[in-house]
Amino acid sequence: MTEGITRAEQNLLLLQSMLPVGEKLYIWCYAPDGRLIASSCPEGQQGALDKAFSALGGKQKALALAADKDERVPRLIGSGVGMQWSVTFEAERKRDLFFVIGPVFYTPPEPQALRAALYAEANGRGQTDWIRAMCAEVSAMPVMSYAVFSRYVTMVHNTLTGKQLGLEALQETLPGAPGPAAAPAGERDRMRVYRAERALLDMVRTGDVNYQGALQYSVALSPGVPVAGKDPLRQMKTSVIVFTTLVTRAAMEGGLSPEVAYSLGDSYIQSAEDCRDSGELSALAGAMYHDFICRVHYARANPGYSFAVQKCCDYIELSLGKKVRVADLAALVGYTEYYLTVKFRNETGRSLSEYIRDAKIARAKTLLDATDLTVAEISDR
């Protein structure tokens with residue numbers, strides 16, 4: 001047994017020991033050529049799940065990520081049957097090995113539908129004996145919410161690299177990822193989902209480019225449209241299409257012309273229908289939301305503002321979580337502080353300090369209305 005294999009197995013044992021007793025989460029170590037080196041998955045399931053990873057295109061995507069030497073963070077890998085993986089790397093080994101976490105389902109798979117989907121996806125891709133073996137053990141498949149899975153992915157990555165990647169950074173690498181599996185919904189939970197959804201749409205209406213925090217909060221609350229279906233990918237498409245429709249309407253309310261909004265929304269809906277991979281569908285949802293917000297932001301930009309003043313307004317919107325100084329803004333646009341303050345007031349009708357104060361108050365109102373943060377927590381932000 002080589003030193004590399006020993007180290008990989010040691011890492012897997014360490015990571016597995018950190019999981020709660022009874023939790024089903026499998027970690028796999030692969031060589032650069034895609035050869036399986038070690039796995040924490042029970043031996044009786046290893047062969048079927050490894051073949052599923054290959055047959056559903058996951059291994060090919062992981063190898064492509066491993067070949068990208070600029071990649072440094074975990075990435076989500078989806079499939080057309082609702083199985084999800086994440087791939088990450090051991091930095092100290094200079095990416096000689098890559099690690100896969102999964103697979104997981106966000107909602108329990110229906111055996112017959114899963115079998116049919118697997119045969120359709122694996123059509124013409126070699127032997128399919130693994131499908132029968134996998135479907136026979138479908139009740140043993142790991143099922144967990146996206147929120148839980150993302151935390152485990154973060155833990156695995158941090159253990160492998162010795163770094164401390166936060167959930168916020170991870171969410172940025174998995175744009176538009178599906179929310180957690182549905183939980184028992186009480187009246188309060190439904191109200192929280194409604195408030196979070198309203199905050200997301202308000203950010204579209206206002207073109208608020210500093211939306212990441214609200215988006216992460218919403219992802220942690222809701223899995224999207226709670227439609228019970230036999231096709232997990234179809235369920236995700238339904239959620240993305242409904243979300244796109246809501247965002248399109250909000251963008252028009254924010255000032256985007258109906259001609260542009262409808263055309264853009266139709267294009268994203270068609271792209272969602274054409275997706276055959278849950279990972280691609282997740283990325284599409286994130287790109288759609290970002291695209292609409294940016295278009296509304298520029299549509300709402302006052303045409304009477306000079307480039308320098310508009311640049312200051314954009315910087316302020318992106319920096320509401322930190323202290324914004326006039327000196328920083330002046331350096332940003334190459335003006336003296338005095339000249340910038342006079343120019344800003346002449347064009348906007350407000351001083352820089354008033355504009356910054358009003359922007360922070362508007363953000364605080366959104367957080368109060370859409371989250372469960374306390375006044376003190378919002379004040380600290």
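What to note about this one:
- Rounded to the nearest 10 Å², the accessible area of SER239 at probe 1.4 Å: 20
- Pairs from the list LYS311/LYS360; LYS51/LYS237; LYS24/LYS61; LYS59/LYS237; LYS322/LYS365 with a Cα-Cα gap above 20 Å: LYS51/LYS237; LYS24/LYS61; LYS59/LYS237.
- Amide H contacts of ALA38 (H built 1.01 Å from N, under 5 Å, at least 5 apart or other chain): CYS29
- Neighbourhood charge, 10 Å Cβ-Cβ cut-off, centred on ARG381 and excluding it, Lys, Arg +1 and Asp, Glu -1: +1
- Net length available on complete extension from HIS290 to ALA331 is 12.0 nm, with 0.36 nm assigned per residue and the Cα-Cα distance removed.
- Built amide H within the under 5 Å cut-off of VAL143, gap 5+: PHE105
- Test item: Cα-centred dipole of region 243-315, Lys/Arg +1 and Asp/Glu -1 on Cβ, debye: 360
The values are calculated or read from the model by the stated rules, or taken from the named source; none is laboratory data. Here the structure is a predicted model, which means the values were calculated and not measured. No Cβ is skipped: glycine too gets one built from the backbone with ideal geometry, and neighbour counts run over all protein chains shown. Note: areas computed on protein heavy atoms with side chains; ligands, DNA, RNA excluded. Shrake-Rupley method; radii C 1.70, N 1.55, O 1.52, S 1.80 Å.
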